[in-house]
Amino acid sequence: MTVMMRGKPVADKIKEELQAKFAGKQVTLAIVVVGDDAASHVYKNRLVKMAQSLGVQTREVLLPATATQEAVLEAVQRLNEDTEVTGILPMMPLPKPLDGDAVGAAVAPEKDMDCLNPLNAGELYLGRSPWAPCTPRACMAILAHYQIDLAGKQVVVLGRSNVVGKPVANLLLQQNATVTICHSKTRNLSQLLQEADVIVAAIGRAEFVQPEMVQDGVVIVDVGINQVGDKLVGDVAASVADKASAFTPVPGGVGVVSNVMVMETLTRNM
């Protein structure tokens, strides 16, 4: 029978642990939002609500879409220098023509909530840090909660983004998995998927992975969130669950845990 790896039990357990860690401490998360992107503001509001539930203070820095690169960098620098700010999270992507990479690099490494600073990315790549971006860490937290042993397993990561694909591959390697990263130029994709013990799908293509593409007993971690009509669907067709031994639903899977990972990052220097 397929184990539905729902995110809520994972998130609830982490939040319980965080409440104990934050108790009696002054912790402040600064969130930088540039422009009027609806998704960024929805995400920001969710984080503020979660922070409040954990006793964490928030600082909202709202800049207009017309803000210059210099203005955004100055705002980040002020937060870097503010001793009351524990962590900084710039909402990405930034409006064009702003340089999101430069803004991420400007965040002080010790206050970097989503592994945007190249120093933190390098530490992750070298295997010296577990502080990957929040969504890859959510994937790993779910696998750990549902006791999925990764050592020696063949894992295929669909997607090579700096936000999910590459960092989750590094985290999987830290758990002694054998990892293959696949992308749009991969030639033998069907074969690789059929041989995979675990698939982490993060390519942003609705229901791309179909039942005939996987083996019986596969473990599926679906990072994708795609709007199809009035429904949200993942990068993996829901029917794949019938062949899987474990499967994250969309919605209700990885996304639920990603939000709480931001809060967990605040404990890095505690």
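Across all directions, the shadow cast by the convex hull of segment 139-249 built on its C-alpha atoms averages 6.6 square nanometres. With the biggest extent put first, the Cα atoms of the chain measure 52, 42, 41 Å across the principal axes.
Here the 3J(HN,Hα) profile of segment 196-201, calculated from phi with Karplus coefficients 6.51, -1.76 and 1.60 at θ = phi - 60°, is 6, 7, 9, 10, 10, 9 Hz, Gly and Pro shown as x. Of all aspartates and glutamates in the structure, those lying under 16 Å Cα to Cα from LYS21, and not within fewer than 8 positions of it along the same chain, are ASP12, GLU264. Helix 134-145 and the longest principal axis of the Cα set of the chain meet at an angle near 50°.
Which shape class applies to segment 25-108: rounded if a/c is under 1.5, otherwise prolate when a/b exceeds b/c and oblate if not, where a ≥ b ≥ c are the square roots of the Cα gyration tensor eigenvalues? Note, shape of segment 25-108 comes out oblate. Ranking GLY159, HIS41, LEU98 by how far each Cα lies toward the positive end of the dipole of the chain (charges on Cβ) leaves GLY159 at the top. Computed from phi, the 3J(HN,Hα) profile of segment 31-48 under the Karplus parametrisation 6.51, -1.76, 1.60 (θ = phi - 60°) reads 10, 9, 10, 10, x, 10, 4, 4, 4, 5, 6, 4, 4, 4, 5, 5, 5, 4 Hz, with x in place of Gly and Pro. Counting only aspartates and glutamates at least 8 places from LYS243 when in the same chain, those with an alpha carbon closer than 14 Å to its own are GLU195, ASP197, GLU212, ASP216.
Shown in residue order for segment 87-96 are the 3J(HN,Hα) couplings computed by the Karplus curve 6.51 cos²θ - 1.76 cosθ + 1.60 at θ = phi - 60°: x, 10, 10, x, 6, 10, x, 7, x, 5 Hz (x for Gly and Pro). Take every pair of alpha-carbon atoms less than 8 Å apart whose residues are at least six positions apart; their mean separation over the length of segment 25-108 yields a relative contact order of 42 percent.
Comparing mean-square fluctuations of THR58, THR186, THR135 from a GNM of the chain with C-alpha springs under 10 Å, the top value falls on THR186.
Close amide-amide hydrogen proximity is noted between VAL34 and LEU63, MET91, each under 5 Å apart and 5 or more residues distant or on a separate chain (H modeled in the peptide plane; Pro and chain starts excluded). Across segment 159-270, the mean sequence separation of Cα contacts (distance under 8 Å, 6 or more residues apart), normalised by length, yields a relative contact order of 20 percent. In this structure, LYS49 and LEU73 have a Cβ-Cβ separation that, at R0 = 22 Å, corresponds to a calculated FRET efficiency of about 0.20. Modelled spin labels at ARG187 and ARG128, positioned 7 Å past Cα toward Cβ, are 3.8 nm from each other.
Compared with the dominant Cα axis of the chain, that is its longest principal axis, helix 7-22 is turned about 30°. Close amide-amide hydrogen proximity is noted between GLY253 and GLY7, each under 5 Å apart and 5 or more residues distant or on a separate chain (H modeled in the peptide plane; Pro and chain starts excluded).
Entry note, the chain: the mean residue ellipticity at 222 nm calculated from DSSP H runs of n ≥ 4, each adding -39500 (n - 2.57), is -11500 deg cm²/dmol after division by the residues and rounding to the nearest 500.
Answer rounded, prolate or oblate for segment 133-178, using the Cα gyration tensor with square roots of eigenvalues a ≥ b ≥ c: rounded when a/c is under 1.5, else prolate when a/b is larger than b/c, else oblate. Verdict is oblate for segment 133-178.
Taking all Cα pairs closer than 8 Å and separated by 6 or more residues, the relative contact order of the chain comes to 21 percent.
All of the numbers you see were taken from the coordinates with simple rules; none came from a lab. Predicted model only: the values in this text are computed from it and were never measured. So basically every Cβ, Gly included, is an ideal-geometry build from the backbone, and we count neighbours across all protein chains shown.
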